[in-house]
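To start, the structure under review is shown below, and the notes come after it.
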Amino acid sequence: MIMQNSLYQQTKIITCTMFLCGLVCLSACGGSSDDKNDAPQTVKADSSTLIQQESASLDWHHPGQWVVVNYWASWCGYCKHEVPELNELSALGVKVIGISAVPVKQAELDTWRTSVHANYPLLKSAPDSLTNVVGRVDRLPTTYIIDPNGKFIGPFVGSVTKAELQRYMQ
């Protein structure tokens, strides 16, 4: 009887642990942007400071041009789902930049780029200057728009479509 209770307790602990791990994984992937109740807000910052700090690795500000910054992870299904939409925006002349939300090695980045057919620049991790402006990204995918004057709009949390982003680019 004591052996059965011990086995029952261990099974119960393992089941609860697996359930909690599943909840954490599900909450990390943001879902559809339709789930979001509030419209994206303009972040009180501009990209001019990013230009000075990150010019060697990435040109954030393109005067007169819209820029879309998208945080992704290779394990995030919604992130993979929105790549064709971001490819379409890029083909229309919008500067799209993908940033891995978790640091990755170059080989992993190249493999992911090939597997999802991303036709826009991808970074292995976010530059500190961008993290200082937009904060930590807790849910994926997360997308920001930088308007032609360098002002940030967002965040858009969850999978976004080309049409949803274009509504803010008018």
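Of all residues being in contact with a strand residue (DSSP E or B) (Cβ under 8 Å, 6 or more places away or on another chain) and not in a helix (DSSP H, G or I) in the stretch 108-121, which is surrounded by the most Cβ atoms within 10 Å (Cβ to Cβ)? Just the residue, please.
We begin by selecting, within the stretch 108-121, every residue in contact with a strand residue (DSSP E or B) (Cβ under 8 Å, 6 or more places away or on another chain); these are 109, 112-113, 118, 120-121.
So of that shortlist, the ones also not in a helix (DSSP H, G or I) come out as 118, 120-121.
On the way: Ala118: 21, Tyr120: 18, Pro121: 14.
The selected residue is Ala118.
For the stretch 122-170, give me each residue that is farther than 27 Å from Lys105 by Cβ, part of a helix (DSSP H, G or I) and of a type in the set (Asp, Glu).
Glu164
Residues of the stretch 104-127 being free of Cβ contacts under 8 Å to residues at least 24 places away in the same chain and either within 22 Å of Val67 (Cβ to Cβ) or touching a helix residue (DSSP H, G or I) at 6+ places or on another chain (Cβ under 6 Å) (or both), which ones?
Of everything in the stretch 104-127, those that are free of Cβ contacts under 8 Å to residues at least 24 places away in the same chain and either within 22 Å of Val67 (Cβ to Cβ) or touching a helix residue (DSSP H, G or I) at 6+ places or on another chain (Cβ under 6 Å) (or both) turn out to be Leu109, Arg113.
Is there a residue being part of a helix (DSSP H, G or I), crowded, with 17+ Cβ neighbours inside 10 Å, at pLDDT below 75 and not hydroxyl-bearing (Ser, Thr, Tyr) anywhere in the stretch 52-74? Working first, answer last.
At the first step, the residues of the stretch 52-74 found to be part of a helix (DSSP H, G or I) are 52-54.
Right, trim to crowded, with 17+ Cβ neighbours inside 10 Å and you get 54.
Checking which are at pLDDT below 75 leaves us with 54.
From the residues that got through so far, the ones that are not hydroxyl-bearing (Ser, Thr, Tyr) too are 54.
Yes, the stretch 52-74 contains a residue that is part of a helix (DSSP H, G or I), crowded, with 17+ Cβ neighbours inside 10 Å, at pLDDT below 75 and not hydroxyl-bearing (Ser, Thr, Tyr).
Can you tell me which residues in the stretch 91-107 are closer than 15 Å to Leu123 by Cβ, over 13 Å from the mean Cα position of the chain (by Cα) and crowded, with 16+ Cβ neighbours inside 10 Å?
Lys95, Val104
The values are calculated or read from the model by the stated rules, or taken from the named source; none is laboratory data. Just so you know, these numbers come straight off a predicted model, no measurement behind them. For neighbour counting, all protein chains shown are included, and Cβ atoms are generated from backbone atoms with ideal geometry for every residue, glycine included.
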